[in-house]
Amino acid sequence: MGSGDPIDLAPGAGRRPGGATATRPAVLTARDVHMRFGGAKALNGVALEIRSGEVHALLGANGAGKTTVLRTLSGLLTPRGGRVLLDGDDLAAVRVEDRVRRGLVQVPEGRSVVTELTVEENLQLGAWHVARGRVPGALDAVYARFPILAERRGLPAGSLSGGEQQMLAIGRALVTGPRIVLLDEPSMGLAPKVVDEVFAVVREIRAAGTAVLLVEQNARRALEAADHGYVLARGEVVTSGPADRLLADPEVVAAYLGLDDRDV
Ligand SMILES: Nc1ncnc2c1ncn2[C@@H]1O[C@H](COP(=O)(O)OP(=O)(O)OP(=O)(O)O)[C@@H](O)[C@H]1O
Ligand SMILES: [Mg+2]
């Protein structure tokens, strides 16, 4: 499945790299990434390695720098130092839209669908770089995964519920069959049943062989859905490792996972 092809979310579809985790290739790599806002250090030497067919969770308190990491990877921000590589290619000179063409897409915090446009028009925006003749097929793949979007295709996106708008935002990112999806707090503000749906979609994206970098408030659920986790504090990765190891790490539990009890 190359960049620009519609994603096939059918069960068992797509690349399913066999073998152990360690043999999977890194899709996206960040090395020693630094970022500043004015005089304030926002990221200080962040390193990540995200592999195809895996979910990597990025956790951390408010203001830790999670959104800044995603925006630096997608090209919305220019890092002050370090390198970002997609399939081994340095992205320093690659603009946001060319990163999207190459299969690196971000679903921003707060959904950000265009409320005045219809559901279908929002999906078409996501397919701006797909050859015209292939757009209907790309949209159909999204409609097959999200039947509610098919039902509502002619309605303004602003008339959808919060959960439906989140599905639309994710569908718009998936329409091009990306190689890696950056998700910024996709479950924020949603009802528990809709949160379950969001995590189901994350699992399906992974099963289709796509890489996911998932920023989540709900650290426990994120780690349960993830292969690997990173904990960010004050712009630095302070802990990282296999998700099951982080779930059992007393320091991670005390600092981040106990908080989830308030949410459930
Ligand atoms: N455009 C900006 N200009 C100035 N400072 C910024 C900007 N964006 C982020 N910051 C600062 O950088 C730091 C990291 O912010 P960021 O939004 O990346 O955190 P976050 O981990 O995503 O937080 P949250 O959980 O609240 O979403 C914060 O101190 C924030 O105030
Ligand atoms: Mg954020």
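Here are a few things to note about the model shown:
- Extension reserve of the Ala93-Ala40 stretch, reckoned as 0.36 nm per residue once the Cα distance is removed: 16.6 nm
- Counting only Cα atoms, region 121-164 measures 31, 18, 15 Å along its principal axes, largest extent leading.
- Values of log10 I(q)/I(0), in the order q = 0.09, 0.11 Å⁻¹, for region 88-217 under a Debye, Cα-only, solvent-free model: -0.24, -0.36
- Over region 41-115, all Cα pairs binned in 5 Å intervals from 0 give whole-percent P(r) values of 3, 13, 25, 26, 21, 10, 2, 0, listed from short to long.
- Remark: the chain carries a charge dipole of roughly 600 debye about the Cα centre, counting +1 on each Lys and Arg Cβ and -1 on each Asp and Glu Cβ.
- Count Lys and Arg as plus one, Asp and Glu as minus one, and take only other residues whose Cβ is under 11 Å from that of Asp87; the net charge is then 0.
- Relative to the longest principal axis of the Cα atoms of the chain, the long axis of helix 162-174 makes an angle of roughly 90 degrees.
- Scattering curve values for the chain, log₁₀ I(q)/I(0), Debye with Cα scatterers, q = 0.07, 0.13 Å⁻¹: -0.23, -0.82
- The chain: relative contact order as a whole-number percent, Cα under 8 Å and 6+ apart: 29
- Taken over the alpha carbons of region 20-67 as equal point scatterers, the Debye sum produces base-10 log I(q)/I(0) values at 0.13, 0.31, 0.33 Å⁻¹ of -0.39, -1.19, -1.24.
- With respect to the chain, whose longest principal axis is taken over its alpha-carbon atoms, helix 192-207 is tilted by about 90°.
- For region 161-264, the percent of C-alpha pairs falling in each 5 Å distance bin, counted from 0 to the bin holding the largest distance, reads 2, 11, 23, 23, 19, 14, 6, 1, 0.
Values quoted throughout were computed directly from the atomic coordinates according to the rules given, and no laboratory measurement underlies them. What you see is a predicted model; the values in this text were computed from it and never measured. So basically every Cβ, Gly included, is an ideal-geometry build from the backbone, and we count neighbours across all protein chains shown.
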